[in-house]
Amino acid sequence: MAERRMFAKSIVLSDAFLDMPMSARCLYFTLGMFADDDGFVDSPKGIMRQCGASADDMNVLIAKRFVLSFESGVIVIKHWRINNYLRSDRYRETQRIEEMSQLEIKENGAYTEKGGIPHGIPTVYPSKDSIGKSKSKDSIGNNTMSRPTVEEVQTYIDEKGYHFSAEAFVAYYESNGWKVGKNPMRSWKSACVTWEANQKKKTTNEGFSWLEVQV
């Protein structure tokens, strides 16, 4: 496997990339460094633990389609061929033949799923519902709560002046069945208050100013 990895400015300086939390961006770079010469990563969870990333970070990358995931647990960097070009004498073909067979290469060099984007957005920690789909009322234990869409959460974040990622919030709670601990969630807006407090605490612990985190 080649020792050098590159990242295209058209990808990592795009608004879509910079809108993600810093932790998700760091995870993207780390996955890129550990990927094989076709952009596949065999053990993404191990890399997440190694760099201190959370399930939220991976789910944001998947929701934003910077990485594509497979049922086998393998992920692939979607824009790998835009980021990297290897000379034929340095290139070693991926061993993930089955996953590669499920992809096709677009004209711009990006990977995409054959037959188009599948229904819903797959996650490293699969959930029953897709992220950002129309709101519906689901029975959770003895409660009935309307599950918010990404757009609804983002609107609430903007109203309150919060700074966390709506995509990460929805992805996390989709993955755990909209529970707080072991109990069904009663109010997603109340959960947003907790997320905002945790985000500020995390930022303070990491030694960054709030503006630095929001680059």
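Observations, loosely collected:
- The condition (being at pLDDT 75 or above, assigned to a helix (DSSP H, G or I) and not aliphatic (A, V, I, L, M)) is satisfied by just one residue among GLU104, GLU167: GLU167.
- Odd one out for ASP56, checked against (1) touching a residue at least 60 places away in the same chain (Cβ under 8 Å); (2) charged (D, E, K, R); (3) within 24 Å of GLN102 (Cα to Cα): (3)
- Helices (runs of 4 or more DSSP H) contained entirely in region 8-79, each with at least 2 residues that are under 12 Å from the mean Cα position of the chain (by Cα) and of a type in the set (Asp, Glu): 55-63
- Positions within region 56-71 being at pLDDT 90 or above and of a type in the set (A, V, I, L, M, F, W, C), in sequence order: MET58, VAL60, LEU61, ILE62, ALA63, PHE66, VAL67, LEU68
- Count of region 187-204 residues which are under 15 Å from ALA168 (Cβ atoms), modelled with pLDDT under 85 and hydroxyl-bearing (Ser, Thr, Tyr): 1
- Looking across region 129-163 at every residue that is under 17 Å from PRO21 (Cβ atoms) and β-branched (Val, Ile, Thr), the one that is modelled with the lowest pLDDT is identified as ILE131.
- Subset of region 12-29 [buried (at least 18 other Cβ atoms within 10 Å of the Cβ) and either farther than 20 Å from SER72 by Cβ or modelled with pLDDT under 90 (or both)]: PHE17, MET20, PRO21, SER23, ALA24, ARG25, TYR28
The values are calculated or read from the model by the stated rules, or taken from the named source; none is laboratory data. Here the structure is a predicted model, which is why all the values come from computation and not from measurement. Every residue, glycine as well, gets a Cβ built from its backbone with ideal geometry; the counts of neighbours run over all protein chains shown.
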